[in-house]
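The values are calculated or read from the model by the stated rules, or taken from the named source; none is laboratory data. This is a predicted model, so every value here is computed, not measured. Cβ: placed from backbone, ideal geometry, glycine included. Neighbour counts: every protein chain shown. Surface areas here come from the heavy atoms of the whole protein model, side chains and all, with no ligands, DNA or RNA. Shrake-Rupley method; radii C 1.70, N 1.55, O 1.52, S 1.80 Å.
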Amino acid sequence: MGIVEGIMVETRIGTVLEAAPIPMVLIGADARIAQANPHAVMLMGPDMVGRHHAFAMRQAGLVAAIEAALNDAKPGVVAQVPFGGSHETLHRVTVTPIVLPAGPGAVCAFEDMTEQEQISQIRRDFVANVSHELRTPLTALIGFIETLRGAARDDPAARDRFLTIMDREANRMNRLVQDLLSLSRVESEERRRPTEQVDVTSLVGMAIAALRPMADDAGVRLEVTGGTDPLYVQADPDQLMQVFDNLIENAVKYGGAGKVVTIALDHDANDAFMRGPSIRVTVIDRGEGIDPVHIPRLTERFYRVDNHRSREKGGTGLGLAIVKHIVNRHRGRLKIESSPGQGSRFSVVLPGT
């Protein structure tokens, strides 16, 4: 092959690389990087062209695959090749041997697998968390059943005590299953925006009425500020009621006996974030507050600031995750403000009508 034909071949290869929507590089017969498209330059830096591939791409598995392509014309695929510093990405690299005018070469195509790996990790964590949450009450139930069949068979006092604990653990499992089903349902509907006109003021009033006996038992006073005029949003009333129930119930549980929980309703005719009118419902407690380090993770599944206290209060660790997804479905936003000793503010902002 002549020099002109060789230049034409490399030009055509370069054209293909430039048009590719993923990072791609050409390894020449001298084992150096001959060409790289803009996506590859963004991934590995502007000084990669002209360098030996082993210095530009230091991952042992990838270097071995390139060597196999250059020396033995053997194609290969290398999974989970990391690139980057603080924001590391994972790529699956396909190495394809080709014939160049100067000898054997290789083309490397980089497929970004970061998001898929993150999704897989979330799924694994979710299964592990559910297993852990169910294991504790199941272990307790199995243990008490064995005890009731044996040593406590004829002990009425022990039997009543064990049955009380078993009832509590069974209810805990039931709450967990119900929250898991609710979370799954909300996630499946998240892309479908509700269309029903709903009065937020009325929903908040119903949520307060339902939770007032619980608040009275806890020595917590519920108060509402912001007036009684109807405030309309496009919403799923059942899901929105679930949001208010969850936030008010949490405030009652963690707000402290003898304290006041305030539910504030506000209307903004020109909310800059919503680019139009908005309705804000803020639940304010005067409890111990939350260290700001925890706030970004509060809406994660099964994340708890205090595991022992949360379980004592009957929490499943899914309530705020459900709230987040419901608010997302309503095209709103959830804002959490808190600091130790200052109580907490949970605000739900929804597009008004």
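Annotations
- Residues that are under 20 Å from residue 201 (Cα atoms) and touching a Leu at 6+ places or on another chain (Cβ under 7 Å) number at least 1 in the following strands (runs of 3 or more DSSP E) confined to the range 239-350: 260-271, 276-285.
- Considering only residues in the range 183-199 that are closer than 26 Å to residue 231 by Cα and touching a Leu at 6+ places or on another chain (Cβ under 9 Å), the one that is surrounded by the fewest Cβ atoms within 10 Å (Cβ to Cβ) turns out to be 199.
- When residues in the range 260-277 are screened for being at pLDDT 90 or above and either buried (at least 17 other Cβ atoms within 10 Å of the Cβ) or among the hydroxyl-bearing types (Ser, Thr, Tyr) (or both), 4 of them pass.
- Every residue from the range 242-255 that is open to solvent by less than 30 Å² (accessible area, probe 1.4 Å) and closer than 10 Å to residue 343 by Cβ: 251, 255
- Residues that are crowded, with 17+ Cβ neighbours inside 10 Å and of a type in the set (S, T, N, Q) were ranked within the range 281-327; the one that is modelled with the lowest pLDDT is 310.
- Positions within the range 12-52 being within 13 Å of residue 81 (Cβ to Cβ) and in contact with a Gly (Cβ under 9 Å, 6 or more places away or on another chain), in sequence order: 43
- Residue in the range 60-67 that is assigned to a helix (DSSP H, G or I) and of a type outside the set (A, V, I, L, M) present: yes
- Pairs with Cβ under 9 Å, 6+ apart, first in the range 172-192 and free of Cβ contacts under 8 Å to residues at least 60 places away in the same chain, second open to solvent by less than 70 Å² (accessible area, probe 1.4 Å) and among the hydrophobic types (A, V, I, L, M, F, W, C): 173/134; 173/141; 177/134
- Within the range 54-72, considering residues that are in contact with a Pro (Cβ under 8 Å, 6 or more places away or on another chain) and surrounded by 13 or more Cβ atoms within 10 Å (Cβ to Cβ), the one nearest to residue 94 (Cα to Cα): 69
- Any pair with Cβ under 8 angstrom, 6 or more apart, that starts in the range 139-160 at a residue that is farther than 16 Å from residue 173 by Cα and free of Cβ contacts under 8 Å to residues at least 60 places away in the same chain and ends at one that is open to solvent by less than 40 Å² (accessible area, probe 1.4 Å) and not in a helix (DSSP H, G or I): 158/152; 159/152
- Residues being open to solvent by 20 Å² or more (accessible area, probe 1.4 Å) and either closer than 18 Å to residue 111 by Cβ or not in a strand (DSSP E or B) (or both) - total across the range 24-35: 3
- Answer residue from the range 206-238, given it is part of a helix (DSSP H, G or I) and not aliphatic (A, V, I, L, M) and is least open to solvent (accessible area, probe 1.4 Å) among those: 237
- Some residue of the range 108-123 being in contact with a Gly (Cβ under 7 Å, 6 or more places away or on another chain), of a type in the set (Gly, Ala, Ser), surrounded by 16 or more Cβ atoms within 10 Å (Cβ to Cβ) and under 30 Å from residue 14 (Cβ atoms): no
- Set side by side, the residues 196, 146, 169 differ, and just one is touching a strand residue (DSSP E or B) at 6+ places or on another chain (Cβ under 8 Å) and of a type outside the set (S, T, N, Q), which is 196.
- Pairs meeting the criteria (first residue in the range 21-35 and polar (S, T, N, Q), second residue open to solvent by less than 30 Å² (accessible area, probe 1.4 Å) and assigned to a strand (DSSP E or B), beta carbons under 8 Å, at least 6 apart or on different chains) are 35/25; 35/26.
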